[in-house]
Structure formats: C-alpha cells, structure tokens
Amino acid sequence: MEIKKPTREEAWILLKKYNQNDALLKHALAVEAVMAHFAEKFGEEDLEKWRIVGLIHDLDYEKYPEEHCIKARELLEKEGWPEDYIRAVQSHGWKICSDVKPVERMEKVLYTIDELTGLIVATALMRPSRSILDLKAKSVKKKFKQKNFAAGVNREVIEEGLKLLEMDLTKVIEETIRGMQNVAEELDLKGNL
C-alpha cells in the first residue's frame, strides 16, 4: 500500500469509525487544538501533522482499551499512514501501555499534554463560569496538587513529560489552556461567559 500523508478530514473520519463516545471525540479535539498551538509556538513547519497526530492519538481507545497504542499501529498501517505518525501515536502511551519512548518534540508534547487536557477540563467545569475562557494556570496548578481531584489524570506522566520537554508546569498549563481556548465552543467549555 502506498504511504501518503493523511489529511485532517481523513483522520476525523477514521477516528469516528472507531470512536462514538462524545467525551473521547471532544478529548481528541482538545488534544488536536493544543498540538496545533504548540506547533505554532515552536515554529514547526508541519502544523497539520501535529494537529492530525493530536486528533488521532486515541484511535484505538474506545474499541480496544486493553490494546491501547498497540492496536493503533495495526489500524493506521492498514490505512497506509506514515511511520512517523504511527510512532508518535504509540509514544503517548509510553510506560503505560507502550514501550515507545517519545523522542521527537511532537511526541514529547503529545505525551505531556494528553493527560493535562483532562485536568484542565475538570478544573474548568468546577468553576462558577464553567468556562475555559477565564481559566488561569494557577487554578489548574492547585488542582494538580490535589491527587483526589480528577484522580484518573496521571500526574506522573505529566511530570515525566515536563522533564522530556524541559519546560515548567506553569508554562505548559498556560499554553495548553490557550490551545484549548481556540476550540472552547466545540468542547462545550465556553460556559456562561
């Protein structure tokens, strides 16, 4: 099969083929937006690639949770996706469900912000405004320290990712919020502002 760069539309169709859960689709949109934001911030040439990898990263999660990041390789290879996209998708599960270590900057960003987007959504929904548009990093950092808040968020992964990126938590939270603010409406996080 010929290897070609996938389009954003192809990625969205493929994602929806394997995922119907609204929360998972919103998570994919959040990660896509944050990846695009970081690509712009870092001056990356291939913004579209960063977006698509963010969008498709949990392709196998709903249907194959026990094979997460492993089944994704098979599904993406079947579609003729490039190896660097597949590797990036697999690397976001490093030390959890994959032994593929994030090495490229795109992989490190995905690894770090994947869990963080969940914490940010949970924090925004606890606010009186129920909005991400007025959310500050300080509030998220406070919730980050409360292990029982959004307990499903793996803080160790975020911390490991920060080391890989050589960035501090506050800065990564700020940039992740900015990326998510770009799709606040799609994420139902405009709240009552």
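What follows draws every value from the coordinates through simple rules; no lab data is involved. The shown structure was predicted, so the numbers you read here are calculated from the model rather than taken from an experiment. A quick note on method: Cβ atoms are made from the backbone with ideal geometry, for glycine too, and the neighbour counts reach across all protein chains shown.
Whenever a residue of the range 166-192 is at positive phi, its partners that are surrounded by fewer than 16 Cβ atoms within 10 Å (Cβ to Cβ), lying with C-beta atoms within less than 6 angstrom and at least six residues away or across chains, give the pairs Gly191/Ser129; Gly191/Arg130. Residues in the range 71-85 that are touching a Lys or Arg at 6+ places or on another chain (Cβ under 8 Å) and outside any helix (DSSP H, G or I): 2 in all. Would you confirm whether or not the range 62-85 contains a residue that is surrounded by 13 or more Cβ atoms within 10 Å (Cβ to Cβ) and within 12 Å of the chain's Cα centre (by Cα)? Among the residues of the range 62-85, not one is surrounded by 13 or more Cβ atoms within 10 Å (Cβ to Cβ) and within 12 Å of the chain's Cα centre (by Cα), which makes the answer no. Taken over the range 86-114, the criterion of being surrounded by fewer than 22 Cβ atoms within 10 Å (Cβ to Cβ), assigned to a helix (DSSP H, G or I) and touching a residue at least 24 places away in the same chain (Cβ under 8 Å) is satisfied by Arg105 alone. Residues in the range 8-22 that are within 20 Å of Asn182 (Cα to Cα), in contact with a helix residue (DSSP H, G or I) (Cβ under 9 Å, 6 or more places away or on another chain) and without any contact (Cβ under 8 Å) to a residue 40 or more places away in the chain: there are none.
Just so you know, in the range 124-181 the residues that are of a type in the set (Gly, Ala, Ser) and part of a helix (DSSP H, G or I) include one that is nearest to Ser98 (Cα to Cα), and it is Gly161.
Of all residues assigned to the range 36-53, none qualifies as being within 19 Å of Asn154 (Cβ to Cβ) and surrounded by 15 or more Cβ atoms within 10 Å (Cβ to Cβ).
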